[in-house]
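Everything on this sheet refers to the single structure shown next.
The values are calculated or read from the model by the stated rules, or taken from the named source; none is laboratory data. Remember, predicted model here, so these are calculated numbers, not experimental data. Every residue, glycine among them, receives a Cβ derived from its backbone with ideal geometry; neighbour counts consider all protein chains shown. The area values use the complete protein model at the heavy-atom level, side chains included, leaving out ligands, DNA and RNA. Shrake-Rupley method; radii C 1.70, N 1.55, O 1.52, S 1.80 Å.
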Amino acid sequence: DFGRVKVSFDSQPWYYGVGKFTVLLGSDQFQTTGYCAELEQGVIGGLDLDVDLVEIKSQLWGVNAAWLFNEYKNQNQVALQLAIWEVIYKDRFEILDAQDNLSDYLLYLGSLPDTFSSQLSTELENFYDLALHDTYQDLIIYNPTTSNPVPEPGTIILFSTGVFGLACLMRKKIIKNG
């Protein structure tokens, strides 16, 4: 789903190649995906770049972009990239020619929630990061290696109840068998 679109950015028309990036992270070369989060710098492929991984919540648009990425990552990649740019750049960004991707783009933006529960925000923050570079485009990436999920109180209570129930059954069986 790689495409070429014409957009206006800061009132200047530009053609951009859009689509999903394949990203290799760290010395173990963990493969993941990313989308452009910056229109002001160029992109280059095939280079090993040192980037700073930053939490998405460091940007006002971070959770919105992560939600779009999470929700539509397996669908129209061109429309997804355009929707991510829209939530990042707002009034500085306008689509001039998006080929056949406009309806999906509008669908994606129209489904974006006005607010997120704290649980959903935390989940998105655990699995998405910004990869920042001084010279090349910044990316929003899916990065499950940074997640450190904290069990919810309900999960802990359910698990503890199950362990307690098993202990009671074992004790009852031991007492019965003498």
Scanning the stretch 1-31 residue by residue, those β-branched (Val, Ile, Thr) and open to solvent by 10 Å² or more (accessible area, probe 1.4 Å) turn out to be Thr22, Val23
How many residues are assigned to a loop (DSSP other than H, G, I, E, B), touching a helix residue (DSSP H, G or I) at 6+ places or on another chain (Cβ under 9 Å) and not aliphatic (A, V, I, L, M) when one looks only at the stretch 36-61? 3
Considering only residues that are assigned to a helix (DSSP H, G or I) and within 16 Å of Thr33 (Cα to Cα), which ones fall in the stretch 63-78? Ala65, Ala66, Trp67, Leu68, Phe69, Asn70, Glu71, Tyr72, Gln77, Val78
Number of positions in the stretch 38-71 that are closer than 21 Å to Val7 by Cα and at pLDDT 90 or above: 5
When Leu96 is evaluated against the numbered criteria (1) in contact with a Ser or Thr (Cβ under 8 Å, 6 or more places away or on another chain); (2) under 14 Å from Asn143 (Cβ atoms); (3) of a type outside the set (S, T, N, Q), which criterion, by number, is the only one it fails? (2)
Looking at the stretch 1-33 only, could you name the residues that are closer than 17 Å to Tyr105 by Cβ and not in a strand (DSSP E or B)? Asp1, Phe2, Gly19, Lys20
Scan the stretch 14-42 and report the pairs whose first residue is under 11 Å from Leu82 (Cα atoms) and whose second residue is assigned to a loop (DSSP other than H, G, I, E, B) and among the charged types (D, E, K, R), with Cβ atoms within less than 7 Å and a gap of 6+ or a chain change. Gly19/Asp1; Tyr35/Lys20; Ala37/Asp138
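Residue under question is Leu80, and the condition is that it be free of Cβ contacts under 8 Å to residues at least 24 places away in the same chain, closer than 18 Å to Phe127 by Cβ and within 20 Å of the chain's Cα centre (by Cα); does it hold?
No; evaluated as a whole, the condition is false for this residue.
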